[in-house]
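Data first, discussion second: the structure below is written as structure tokens.
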Amino acid sequence: MKVFHKANDIHAWLQSEHHTRSIGFVPTMGALHAGHLSLIDRSKAEKDLTVCSIFVNPTQFNDPNDLAKYPRTLADDTDKLLQHGCDVLFLPTEEEIYPDPSVKDRSYDLAGLDKRWEGANRPGHFQGVCMVVHRLLEIIPTDSLYLGQKDFQQFLILRHMVREILQWSVQVVPCPIVREDDGLAMSSRNVRLSEQERLDSLVLHRALQYIQQHAGQQPLHKLLQAAKSIITTAGSVQKLDYLAIVNAADLSPVEAYKDAPTLLAIVAAHFPSARLIDNQVIKGQLAEW
């Protein structure tokens, strides 16, 4: 695995390789788990070269404490990437990503995709995500950008940025959520949960499963009421930010099962040690959408 620290160096090397080889790119903030590694595996299966970046991006954190607590496990991350056959690792400093103030001044019209759900709870978050991914795509010539379905709103927003704002030909690929054996969606933040929080966190997946299993049989508002009750029974849940059933095309809430061809149930909740998100397709298939 080739390791680069300088933007100019990795850009020049990949440009020379891109003439004859296809490139897949997986941007991460490190603390890699099986979910991240499934993206590496997907890229390896589809592309000639797979590139992973590790950069904890300060512009997407609206809570300085969350940034400070974000796990940094570079040695372990590197070992995992080697085991999965990653070809290139990019480890930039903040100065390499944001070489001058103008890069941090970029602003993106996200067509309202950033106004609800995570956007409402984390002001400025998605502007920061777009900022760093835009910059990474300037550095790393790629054919496909691989993203996880767990951060589905992020996927929609980045696809909008690439297609509609930048108008680049990069394919933005959503990859399925990877879960622990008990159903918890894998996240770098899971390691911060206490033993009791870890047990209680399973209510998120249980609630989504309940909605999926009963979708089309009951009015959606009743499904949401029952699912909310499942979540609020867990003592470690401090706050339920949202639980909703939305149109997967634009994340707008729906009132009836027939309102959109692909429906997604989404949830976000605070535990004492971490805030967790999850989602579940309840109608249609994202692969076809």
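No value in this document is a laboratory result; all are computed from the given coordinates. No experiment lies behind these values; they were computed from the predicted model shown. Please note: Cβ atoms are built from the backbone with ideal geometry, for glycine as well, and neighbour counts cover all protein chains shown.
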Using a basic spin-label model with each label point 7 Å from the Cα along Cα→Cβ, how many nm lie between M1 and A120? 3.9
How high is the FRET efficiency between D66 and Q225 when r is their beta carbon distance and R₀ equals 41 Å, given to the nearest 0.05? 0.85
Net lengthening on full extension, A34/Q171 (0.36 nm per residue, minus Cα-Cα): 47.1 nm
Take each of the peptides 177-187, 103-113, average the number of other beta-carbon atoms within 10 Å over its residues, and list them starting from the highest. 177-187, 103-113
Here are a few candidate values for Rg and Dmax of the Cα atoms in Å: [x] 18.1, 53; [y] 20.2, 64; [z] 19.1, 57. Which one was actually calculated from the structure I just gave you? [z]
Using modelled amide H (1.01 Å from N, peptide plane; none on Pro or chain starts), what sits under 5 Å from the amide H of V172, excluding residues fewer than 5 places away? L145
In nm, spacing of pseudo-spin labels at T262 and Q238 (7 Å Cα→C-beta vector): 3.4
List every residue whose amide H lies under 5 Å from the amide H of D241, counting only residues 5 or more places away in sequence or on a different chain, with H placed 1.01 Å from N in the peptide plane. A268, A269, H270
Given H placed 1.01 Å from N in the peptide plane, which residues other than close sequence neighbours of S22 have an amide H under 5 Å from its amide H? D48, L49
Using helices alone, I'd like the mean residue ellipticity at 222 nm for the chain: each DSSP H run of four-plus residues gives -39500 (n - 2.57), total over residue count, nearest 500. -10500 deg cm²/dmol
Zone of K44 (label point 7 Å along Cα→Cβ, backbone N under 13 Å): which residues in the stretch 87-118? 87-88
